[in-house]
Structures are given as structure tokens and as C-alpha cells.
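So the structure is just underneath, and the comments pick up after that.
The values are calculated or read from the model by the stated rules, or taken from the named source; none is laboratory data. Just so you know, these numbers come straight off a predicted model, no measurement behind them. So basically every Cβ, Gly included, is an ideal-geometry build from the backbone, and we count neighbours across all protein chains shown. The protein model used for the area step is the full one, side chains on, heavy atoms only, and it has no ligands, DNA or RNA in it. Shrake-Rupley method; radii C 1.70, N 1.55, O 1.52, S 1.80 Å.
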Amino acid sequence: MKDNHGRTIDYLRLAITDRCNLRCHYCMPASGLDWLKRDELLSYEEIEQLLPLFSSLGIRKLRFTGGEPFMRRDFDKLLTRVAKSNQFESITITTNGVLTAPYVPLLKELNIHSVNLSLDTLDEKRFAAITRRDVFPDVMRTLDALMAHGIRTKINAVIMEGVNEDDILPLAMLSKELPIDVRFIEEMPFNGRGDRHAVKWNRKGLIEALENVLGNLMPIGTEPNATSENYSIEGHQGTVGIIAAWSRTFCGTCNRIRLTPSGEMKTCLYGRNELNLGALLRSNASTNQIAEEIEQAVLRRKKDGIEAEAARTPLEESMATIGG
Ligand code: SF4
């Protein structure tokens, strides 16, 4: 599938639930969200109806995300069926790691390509302050298990002014001790409150902070559609990276579309919902009709996230309702 800007679309980010067992400040209010009801969620049957269609349209990479995907009952069974169906060249997962450790052997067995672990601090107290939950040891158990099973692991860390700047170095140093990619993500305004503030820790600020303490960062080649700019550091087993998710410097090679837990298709993270695939399925639309609708939505994409945001109502949703 190609979009109206000549970009190949071969990556689907599939959020299977909006629920989460953390309450990160930059994602949702302490009280949580007005969670989707069971019948508002795409069922596993509906997801498994849609995935072959996406595969037939050229989707090669599938990411499971949420909310927290392991919060949804029997996710491991869905994952097993999809992985064994061999429809996708790579399957990846984004998780906060709280419930994940017991499933790591299965992820290895299913040849899951990589796991993105959301971790904004290595300080237990600060973890509890950021996430409003006291489950840091569970997350570190997951990191240990991922390392023990040799699963490619990427850390996603959001650095917030006055909150966890002191974690930039400790997190980066994880890449010295472990063969992992530590990525620092610019904070995005998907906090469920519509709250927008200047982002101090943007791409420039993060690179300066890293170079101040680690010396020169050596740029390394990344995958063609990567959002992360990766750097190697002498003596480090892993890498550090910057994801300019607010500055949106990588839209020119964007290859991804998203499916929300309720079946809304988004052709840009910052854009509006383009198509409700759940409603189409429930109206017994034919596979061809759904495929046509998906292709048409991809052919009306905005050129970048800035344009997509400008073309919609102000951002007020939580990242948990989109899947990152
Ligand atoms: S902001 Fe939108 S267009 Fe840009 S990379 Fe993200 S999803 Fe793609």
C-alpha cells in the first residue's frame, strides 16, 4: 500500500485495550479514563478477521500495544495464534512490563521480534511518583527476563522537566551494561487532559544532555522508517536513541497506520480517526469493501503530523486510547 505522498505503508500498530495498570502523568489522569466497555472493544475474532486483510494490503510489521496489552485477558492466546499464522514478517510488543515477566518465555518461543519496555526512571520512588503505582520491582523483573531470554529490547523513556531529568544518565548507562537500545522520547500532549506545555526535553536538549555526560554520540544507521535516531557510545553494548515524537522530524518516511482498541483506524498519531473498522465489520461489510475503505483512507493522509494535527479538533485524548 502506498499513500498519497508516495510512502509505503507496511506497519500496523494495533492497540488491543485502553486499560492500563499504571497512571503515568503524561498519559492519563490519576482517576484513569472512561474505559471502553467490552462491546465497544474489537473482539479477538474481529481482530483476527482484520489482520489477514491488512496483511493482504502489504502490512509486514505488526505491533501489539495498548493501554497495556497484557491487561487484556488471553492476550497470550491471541498473540500465539497470530504469531503462528505467519502473516507478518515481524511482530513486536510495547509493554509497561508490570505483568509481562511470566510471558517472556512464550515471547521467545513465538520469536517475537522485539519488545519496547516503557521505563522512565531507574529510581523506585520516582517510578511510583510518575506512574502512581508501586510496582517497580515487577518491571525490573521483566527487564531481567527479557535479557535472560535474549529478546531484543528497547527502553522507551519520556523525560519530563522537573520530574526525571536525573534519570537521563542512569538510563543511558543501562546501554553500557546491557545489549539494549535506550530511547528518549519527547513528551507528547496525549495526556487525557488536553494539557499542553512547552517541551524542554526535546531532541536538541536530550542530545546536549547526553553529550555533556557521555561525550560524542556516534550516529549509527537505522532502519529506513525508524522514528529513533540511534547513537553508539564507546564501550557500550547497546545504543541510545532520540525519538522526536513532538517535533515530528521523521514523518517523511512514515510507514505506519494505527488501529485503536475500538477499531478506529488512524493514518497519523496526531490525526483524527479516519475510519471505524469495527463498525464496518459489524455492518457485515465485505472484505473487498473494507479493503477499499482502508486504501482510500491511506490515500488521503496528511503529509506530516503537524498538518494532521492542524486538520482536526484539539488533542484531548490519552495515549492509552491510541496505542502510541
Ligand atoms: S506524526 Fe504522523 S505522519 Fe508523522 S511519523 Fe507520526 S504517524 Fe507518521
key: Length released on extending from Lys303 to Gln237, taking residue separation times 0.36 nm less the Cα-Cα span   = 20.1 nm
remark   = Heavy-atom accessible area with a 1.4 angstrom probe orders Asp74, Asp138, Asp34, Asp144, most exposed first, as Asp34, Asp144, Asp74, Asp138
query = How many nm is it between the label spots at Arg81 and Glu124, if each spot is 7 Å from the Cα in line with the beta carbon?
reply = 4.0
ask   = If you roll a 1.4 Å probe over the heavy atoms of the protein chains, what accessible area per residue do you get for region 11-322, in Å²?
value = 43
inquiry  = If DNA, RNA and ligands are ignored and the probe is 1.4 Å, what is the ranking of Val104, Val163 by accessible area, most exposed first?
reply    = Val163, Val104
ask   = Roughly what % antiparallel, to the nearest 5, for the DSSP beta bridges in the chain?
value = 30
Alpha carbon convex hull of the chain, projected area averaged over orientations, nm² = 15.3
remark   = Counting only residues 5 or more apart in sequence or on a different chain, those whose built amide H sits under 5 Å from that of Ile155 are Leu117, Asp181, Val182, Arg183
remark   = With every protein chain in place, the accessible area of Arg132 for a 1.4 Å probe, in Å² rounded to the nearest 10, comes to 70
Under 18 Å from Lys84, Cα to Cα: lysines that are on another chain or at least 8 residues apart = Lys61, Lys108
ask   = Of Asn21, Ile220, Trp35, which is farthest along the charge dipole of the chain in the positive direction, counting Lys and Arg as +1 and Asp and Glu as -1 at C-beta?
value = Trp35
ask   = Using all Cα-Cα distances in region 125-191, what percent lands in each 5 angstrom bin from 0 up to the longest?
value = 3, 14, 22, 28, 20, 10, 2, 0
Apportionment of accessible area to carbon and sulfur, the chain, percent (1.4 Å) = 49
query = So how exposed is Thr249, as accessible area in Å² (1.4 Å probe, rounded to 10)?
reply = 90
message = Under a Cβ-only charge scheme (Lys and Arg +1, Asp and Glu -1), can you give me the dipole magnitude of the chain about the Cα centre, in debye to the nearest 20?
response = 520
inquiry  = I'd like the accessible area for Leu299: 1.4 Å probe, protein heavy atoms, all chains in place, Å² to the nearest 10.
reply    = 80
key: Residues with amide H under 5 Å from that of Gly323, placed H, sequence gap 5 or more   = Gly67
Extension gain (nm, one decimal) between Ala310 and Lys108, 0.36 nm per residue minus Cα-Cα = 68.6 nm
remark   = Per the helix-only model, the chain has a calculated mean residue ellipticity at 222 nm (DSSP H runs of ≥4, -39500 (n - 2.57) each, divided over all residues, rounded to the nearest 500) of -8500 deg cm²/dmol
inquiry  = Sort Thr267, Thr287 by heavy-atom solvent-accessible area, probe 1.4 angstrom, most to least.
reply    = Thr287, Thr267
Extent along principal axes [Cα atoms of region 178-324; Å; largest to smallest] = 58, 32, 26
key: Cβ-Cβ FRET estimate between Gln296 and Glu161, R0 fixed at 56 Å, reported to 0.05   = 0.85
note = The extension gain from Ile220 to Arg73, computed as 0.36 nm times the residue separation minus the Cα-Cα distance, is 49.0 nm
query = Between Ala198 and Leu169, how many nm apart are label points set 7 Å from Cα along the C-beta direction?
reply = 2.6
remark   = Given the candidates Ile130, Leu280, Gly194, the one whose Cα lies deepest towards the positive end of the charge dipole of region 11-322, counting +1 at each Lys or Arg C-beta and -1 at each Asp or Glu C-beta, is Leu280
